[in-house]
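Data block below; observations after.
The values are calculated or read from the model by the stated rules, or taken from the named source; none is laboratory data. None of the values given here were measured: they were computed from a predicted structure. For neighbour counting, all protein chains shown are included, and Cβ atoms are generated from backbone atoms with ideal geometry for every residue, glycine included.
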Amino acid sequence: MADHLSPDSLGRSVQPGEVHLMSSEIPGGIFRCYTDTGWTILDVSRGFLNLFGYTTEDIQRKFQNKFLEMIDPRDRAAVMESLLRQSGTGKDHRLEYRVKHCNGQTLWILEQGRLTRQIGEPDTYCCILADITESKNLEEKLRLSLERHQIIMDRMEH
């Protein structure tokens, strides 16, 4: 396998087109938003749009460009509470929550993000999103199976 790094490329700045190429090749999506109450979306990757099946126009029209509106209402309060707690620490955050795909399917999302602060600029979050729906579905099947086995074991003891 060829080594794609050369001594000349190490330590050089990545060009904007290269960042776009890299972000379009990874599974999942990337987005950046303000830390306002609705998480107003600033930028999204093509992977972000593909992940949820929406266009930028759909997001503007249906969610008023607010990422928080895309998150399942059952998860919003917990997500906001977690972010408020983590934003005070300055550490990266890691969250799991549900988002409805444009086709109606509920997706489980793993978000890993970082708060960015620059003097004179509003705070922003830069986040990477991954679809963990399959893993969550397997976890639920395992939980139900263990629950059934426990019921059987409990009945056998009586």
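Quick notes on this one:
- Each residue in region 127-158 was checked for being assigned to a helix (DSSP H, G or I) and either closer than 30 Å to Leu68 by Cβ or of a type in the set (Lys, Arg) (or both), and 12 pass.
- Residues (at pLDDT 90 or above and loosely packed, with under 10 Cβ neighbours inside 10 Å) located in region 103-133: Asn103, Gly104, Ile119, Gly120, Glu121
- Residue under evaluation Leu83, criteria (1) assigned to a strand (DSSP E or B); (2) buried (at least 17 other Cβ atoms within 10 Å of the Cβ), criterion not met: (1)
- Test: residue in region 47-61 that is touching a Lys or Arg at 6+ places or on another chain (Cβ under 6 Å) and surrounded by 16 or more Cβ atoms within 10 Å (Cβ to Cβ): no
- Taking region 29-64 as the range and being in a loop (DSSP other than H, G, I, E, B), small (Gly, Ala, Ser) and under 22 Å from Met80 (Cβ atoms) as the test, only Gly38 passes.
- Scanning region 29-69 for residues that are of a type in the set (Asp, Glu), under 16 Å from Val99 (Cα atoms) and without any contact (Cβ under 8 Å) to a residue 40 or more places away in the chain yields a count of 1.
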